């Protein structure tokens, strides 16, 4: 059995970090003088909303380790109102405030 020390772990993390940096740098350098096609640019506009949805949706629809698609899940109405406010106003502060207000109101009424 090998004896893994903190020095080995930090060395491994450093090597992995350098490898990740070089991999990304090589991609940037390879395509630095090229124009990104319009179709790719249109598709890349959907990456941030998709990533945000993938992070937020599980927190909304799960409670106590299981899925909770019901009226008693206070996060679902709050998320729906926040989504509507986000589409209508395109303002992050209004979206957060409206979602939190609905969440707190719903929790206070239940």
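FYI, it's all coordinate maths here, none of it is from the lab. If you're wondering where the values come from, they're calculated on a predicted model, not measured in any experiment. Cβ sites come from the backbone with ideal geometry, for glycine too, and all protein chains shown count toward neighbours.
Using Cα atoms only, what is the angle between the long axis of helix 6-30 and the major principal axis of the chain, expressed in degrees (0 to 90) to the nearest 10? Approximately 90 degrees, to the nearest ten. Using only Cα atoms and rounding to the nearest 10 degrees, what angle (0 to 90) does helix 75-89 make with the longest principal axis of the chain? So the inclination is approximately 80 degrees.
Helix 47-61 versus the longest principal axis of the chain: what is the Cα-based angle in degrees, 0 to 90, to the nearest 10? The helix 47-61 is inclined about 50 degrees to the chain. Which shape class applies to the chain: rounded if a/c is under 1.5, otherwise prolate when a/b exceeds b/c and oblate if not, where a ≥ b ≥ c are the square roots of the Cα gyration tensor eigenvalues? Verdict is oblate for the chain. Here the relative contact order of the stretch 49-109, from alpha carbon pairs under 8 Å that lie six or more residues apart, stands at 27 percent. Calculated from DSSP H runs of 4 or more alone, at -39500 (n - 2.57) each and per residue, what is the 222 nm mean residue ellipticity of the chain, nearest 500? The helix contribution divided over the chain gives -24000 deg cm²/dmol. Taking max minus min of the alpha-carbon positions on each principal axis, the stretch 49-109 gives extents of 32, 31, 13 Å, largest first. Footprinting exposure proxy ranking of 102, 61, fewest other C-beta atoms within 10 angstrom first, gives 61, 102.
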